[in-house]
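Asker: Got a structure here, written out as structure tokens. Questions coming.
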Amino acid sequence: MELRQLEAFAATLSTGSVTGAARLLDRSQPAISRSIQELEAQIGYALFTRSGPRVTPTTQGFLLYQDVERALGSLRHIRTRADEIARGDGAPLRLAATFAMSSGLVPSALKLVADRHGPGHTQLRSMPAEQVVHAVLTGTAQIGVSSLPLEHRGLRVNWIGQSRCVVALSENDPLAVLEVVPLAALAGRSLVTLSNPYRLRRRLDAAMVRIGKDVTARGQGGLIETNSSINAMAAVRAGLGVSVLEPVTAYGAPMQGVVVRPLDIDIPYFFGVITPQSSPLEEPVVALADALAQAAATLLPGFVLHQAEAHASLLQSIYDGEVAVEPEIQP
């Protein structure tokens, strides 16, 4: 495989046409087509089904693209780093965070670091929680921010944060006038909820069952499942339902037309800052970890900071489906 073949393949899949790939890469259309045909001949299967100038990726093409894009991203990183070395610049700080953390918490923390140490070079990647863990374990990221559980071998948990989940309501919702919303008031309402059953969703469902609402049962209001709190808030703004969600996005990335209220029941949300256990903690990583804790304490009402040693007991509470956890360390 040659770099020009992989670039032609990735650009064609991204743009949806050979013409678009040719413009993107500043090559001729015949050159793009030839590169893709050569690649298909080498790997032994078709990457696209063709219909005139437009193409549709095959299932194998989609699967291969995931690895090709990662490889091309690594090459782009090498090129950028080579230029930085030539200029005498330091290496960028590589940070991986869940969608909630990257939009609701990380920007405030980076601002704190910039105010204290001056502007720097940070590479922030947003991804699902499981991929954050993978990025840290493989060294793609030097530091990660993700929801619990985080008991993977090879991870160093620097600290764990705890805050209460909240309810997001349309500004025209009758419940929006309340300072604290009873969870029981959501029974029978259409819900917008998170889809990952192995993290916060487990505790949300357990809390709803306690008020007699089975979120998967029909006849008790509609249900929208999503992998992003931003999506949930947008659905609430559109009048599609109410959402009990983690507080980081709710407070850190407020959305016009959506009001956020505390609940009368404590549904804890846990998240942690992680680094590779095999790597020493460098000063920029420590500075960012500290800034994340400070930003969380400022942003989240009732924020509780736990030491890493509390991880096992907090995990037990998660697996047991408890609704409240006693705090250990106040920031």
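The values are calculated or read from the model by the stated rules, or taken from the named source; none is laboratory data. As the structure is a prediction and not an experimental result, all values here were calculated from the model. Note: ideal-geometry Cβ built from the backbone for every residue, glycine included; neighbour counts use all protein chains shown.
Asker: Before we move on, is P280 farther than 24 Å from A207 by Cα, surrounded by fewer than 22 Cβ atoms within 10 Å (Cβ to Cβ) and without any contact (Cβ under 8 Å) to a residue 12 or more places away in the chain?
Answerer: Values: farther than 24 Å from A207 by Cα: yes; surrounded by fewer than 22 Cβ atoms within 10 Å (Cβ to Cβ): yes; without any contact (Cβ under 8 Å) to a residue 12 or more places away in the chain: yes.
In short, yes.
Asker: Which of the numbered conditions does V136 fail, given that it passes all the others? Conditions: (1) out of contact with any Gly (no Cβ under 7 Å at 6 or more places or on another chain); (2) over 30 Å from G241 (Cβ atoms); (3) not in a strand (DSSP E or B).
Answerer: (1) is the only condition that V136 fails.
Asker: Pull up the stretch 41-77, narrow it to residues that are assigned to a strand (DSSP E or B) and basic (K, R), then point me to the one that is farthest from the chain's Cα centre (by Cα). Before the answer, list the steps.
Answerer: Kept after step one, since they are assigned to a strand (DSSP E or B), are these residues of the stretch 41-77: 48-51, 54-57.
Checking the rest, the ones that are also basic (K, R) come to 50, 54.
Values: R50: 34, R54: 32 Å.
Out of the qualifying residues, it is R50.
Asker: Continuing with this model, one more query. Can you tell which of V260, V325, V242, V248 is at pLDDT below 90 and either touching a Cys at 6+ places or on another chain (Cβ under 8 Å) or crowded, with 18+ Cβ neighbours inside 10 Å (or both)? Write out each step before concluding.
Answerer: On the way: V260 fails: at pLDDT below 90; V242 fails: at pLDDT below 90; V248 fails: at pLDDT below 90.
That would be V325, the only listed residue that is at pLDDT below 90 and either touching a Cys at 6+ places or on another chain (Cβ under 8 Å) or crowded, with 18+ Cβ neighbours inside 10 Å (or both).
Asker: If you go through the stretch 78-99 one residue at a time, how many are over 21 Å from the mean Cα position of the chain (by Cα) and in a helix (DSSP H, G or I)? Before you say what the answer is, go through the steps one by one.
Answerer: Applying the first criterion (over 21 Å from the mean Cα position of the chain (by Cα)) to the stretch 78-99 yields 78-91.
Of the ones still in play, those that are also in a helix (DSSP H, G or I) are 78-87.
Adding up the residues that qualify gives 10.
Asker: Pairs under 8 Å by beta carbon, first residue outside the structural domain of A135 (by TED's automatic domain parsing) in the stretch 70-82, partner assigned to a helix (DSSP H, G or I), six or more apart or different chains?
Answerer: Final answer for the pair search is A71/L6; L72/L6; L72/E7; L72/A10; L75/L3.
Asker: Ok, one more. When you scan the stretch 250-307 for strands (runs of 3 or more DSSP E) that lie fully inside it, which ones turn up with 1 or more residues that are of a type in the set (F, W, Y)?
Answerer: Those strands (runs of 3 or more DSSP E) span 268-276.
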